[in-house]
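*Asks:* Please read through the structure below; I'll follow up with questions.
The values are calculated or read from the model by the stated rules, or taken from the named source; none is laboratory data. Predicted model only: the values in this text are computed from it and were never measured. Every residue, glycine as well, gets a Cβ built from its backbone with ideal geometry; the counts of neighbours run over all protein chains shown. These accessible areas exclude ligands, DNA and RNA; they are computed on the full protein's heavy atoms, side chains included. Shrake-Rupley method; radii C 1.70, N 1.55, O 1.52, S 1.80 Å.
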Amino acid sequence: MHKYANPTRFMKIANTVMPWTTAIAVICFVIGLPVALYTSPPDYQQGDTVRIMYIHVPAAWLALMAYMVTAGGSAVFLIWRHTIAHVIARASAPVGAVFCALCLFTGMLWGKPMWGTPWVWDARLTSMLILLFLYLGYIALGDAFDDQERGDKAQAVLALVGSVNVPIIHFSVEWWNTLHQPSIVTMQGLTINAQMALPLLLMVGAFQCFYISVVVIRLRAELLSAKIRVARQNLAASGVPVAAE
Amino acid sequence: MSAFTAVLRRDLTLAFRQGTDTVTVVAFFAIVAVLFAFGVGPEPNVQARIAAGVVWTTALLAVLLSLDRLFSQDFDDGALDQLIVGTDALIVVCAKTLAHWLATAVPLLIMAPLVAMALQIPASGIAPLMLSLLLGTPTLSLLGAVGAALVLGARRGGVLLGVLLLPLYIPILIFGTAAVDAGLLDVATATPLKILGGFLLLALALCPWAAAAGLKHALE
């Protein structure tokens, strides 16, 4: 694993993976979206509103997965001090935050006709909202320090503290008797019809591959801006006047 | 252990000699509760219904308000460096957190029944309220220590502290008020109290280490 702590080597792999994930994401979206939104059967109770699920569920999974990547990257950064792990954690957080917000928003759109209210204070919804706040706190903390290194470490510790929330979100529908539906994918297999499972899996694939591509783009930008920062510092140290950023 | 008692005694002495800090926090607690009383109007039924939530929310905000003093004063004047050099960061964190709880949360605990009664809480709600605060406030201090250590040296640390900590405080608020509601409805209060106890044990096991790591990084 430590072999890939070298940013150059890591980015080589990331850059090879990225065209493939982008292609898979495009293919899955092109096939999955029409199937999910037009040709898949409406639910016998929910009618066409069930189609919101094809966006909502992949977004929810991605929001959780992105946080696990952030927490995992932070743990690796704190334990082995691999900077690339922290850069991955940082790159993953805003993407996760956006999908978390998307999940909450689509859930509200669905809740209005189905539950009669866009929002209830049940365990799943509340813990997902806390996840969004954790993301925002994580992002805010990283930008609050003049010393970047100090911000990195504070962020990593916060990500680990917040990871307590992840199992709570995942098991909330089992631990508490909530209004939210139980999971579709369980150890025993899928609990929905195959005609609905196919578009759902396509959309999950599309979202996941899209996430990987976006994170790689953010990684590139982050590493480049670090390079520029170092170059400017070196330039400033050599006494050449530098224009303000 | 002697280092622990020395830091604890130092912090408590400082807290009580500069008594205004403690008084300010308690006064803030009482005033915000009064704001709620005026905000919802004098209707006793409405006040009784929201009393537990108001006491818990205000206590939480009062603790949050007092947190930036936990490490930041000692960080600014360099005393924190000396303390960490002399002993382990973990011991400093534990002692300072305990001192913070004794100097901030205990006065709040004394004020809480008065504030709750002023908000017309029925007598059956007082005992669960006090028990839930007793079990919940140490968790607030422990989580607060992590937040306070992480924002050391940050710009606008106080505001940031709220953004970081309030999401983590939400579960404690939920089960704290759930205990009081259970008491008012005359059903078993044991379950939410046990969950609060569980939170406290979890926080005791994890927070000192996270806060110590944060302190070390801040002083690097």
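*Asks:* Could you please find all residues in segment B:9-50 being open to solvent by less than 30 Å² (accessible area, probe 1.4 Å) and either over 30 Å from B:I121 (Cα atoms) or not hydrophobic (A, V, I, L, M, F, W, C) (or both)?
*Replies:* Matches in segment B:9-50: B:D11, B:A15, B:G19, B:T22, B:G41, B:Q47.
*Asks:* Take segment B:164-177 and flag every residue that is crowded, with 20+ Cβ neighbours inside 10 Å and among the aliphatic types (A, V, I, L, M).
*Replies:* Those that are crowded, with 20+ Cβ neighbours inside 10 Å and among the aliphatic types (A, V, I, L, M): B:L164, B:L165, B:L168, B:I172.
*Asks:* A follow-up question, please. Show me the helices (runs of 4 or more DSSP H) found entirely inside segment A:141-240 where at least 2 residues are open to solvent by less than 60 Å² (accessible area, probe 1.4 Å) and within 14 Å of chain B (Cβ to nearest Cβ).
*Replies:* Ranges flagged: A:148-162, A:165-175.
*Asks:* Taking the options A:G116, A:G111, name whichever one is more than 14 Å from every other protein chain (Cβ to nearest Cβ) and open to solvent by 20 Å² or more (accessible area, probe 1.4 Å). Outline the logic, then answer.
*Replies:* On the way: A:G111 fails: open to solvent by 20 Å² or more (accessible area, probe 1.4 Å).
Result: A:G116 is the single residue among A:G116, A:G111 that is more than 14 Å from every other protein chain (Cβ to nearest Cβ) and open to solvent by 20 Å² or more (accessible area, probe 1.4 Å).
*Asks:* Please work out which one of (1) at pLDDT below 90; (2) open to solvent by less than 30 Å² (accessible area, probe 1.4 Å) is the condition A:R9 fails and give its number.
*Replies:* Checking A:R9 against (1) at pLDDT below 90; (2) open to solvent by less than 30 Å² (accessible area, probe 1.4 Å), the one that fails is (2).
*Asks:* Show the residue pairs that are 6+ apart or on different chains and have beta-carbon atoms under 7 Å apart, the first residue being within segment B:163-176 and touching a residue at least 24 places away in the same chain (Cβ under 8 Å) and in a helix (DSSP H, G or I), the second being open to solvent by 30 Å² or more (accessible area, probe 1.4 Å) and aromatic (F, W, Y).
*Replies:* Every condition considered, the pairs that remain are B:P171/B:F199; B:I172/B:F199.
*Asks:* Do the conditions hold for B:P138, that is, is it part of a helix (DSSP H, G or I) and either surrounded by 21 or more Cβ atoms within 10 Å (Cβ to Cβ) or in contact with a Leu (Cβ under 7 Å, 6 or more places away or on another chain) (or both)?
*Replies:* Yes; evaluated as a whole, the condition is true for this residue.
*Asks:* What is the number of the single condition among (1) closer than 25 Å to B:A103 by Cβ; (2) more than 14 Å from chain A (Cβ to nearest Cβ) that B:A145 does not meet?
*Replies:* Of the numbered conditions (1) closer than 25 Å to B:A103 by Cβ; (2) more than 14 Å from chain A (Cβ to nearest Cβ), the odd one out for B:A145 is (2).
*Asks:* Can you tell me which of (1) surrounded by fewer than 20 Cβ atoms within 10 Å (Cβ to Cβ); (2) at pLDDT 90 or above is the one B:V159 doesn't meet?
*Replies:* Going through the list (1) surrounded by fewer than 20 Cβ atoms within 10 Å (Cβ to Cβ); (2) at pLDDT 90 or above, B:V159 breaks only (2).
*Asks:* Under the condition of being more than 8 Å from every other protein chain (Cβ to nearest Cβ) and not hydrophobic (A, V, I, L, M, F, W, C), which residue from segment A:119-140 is most open to solvent (accessible area, probe 1.4 Å)?
*Replies:* Selected residue: A:R124.
*Asks:* Can I ask one more? For segment A:86-105, what are the residues that are open to solvent by 10 Å² or more (accessible area, probe 1.4 Å) and more than 14 Å from the chain's Cα centre (by Cα)?
*Replies:* A:V87, A:F105
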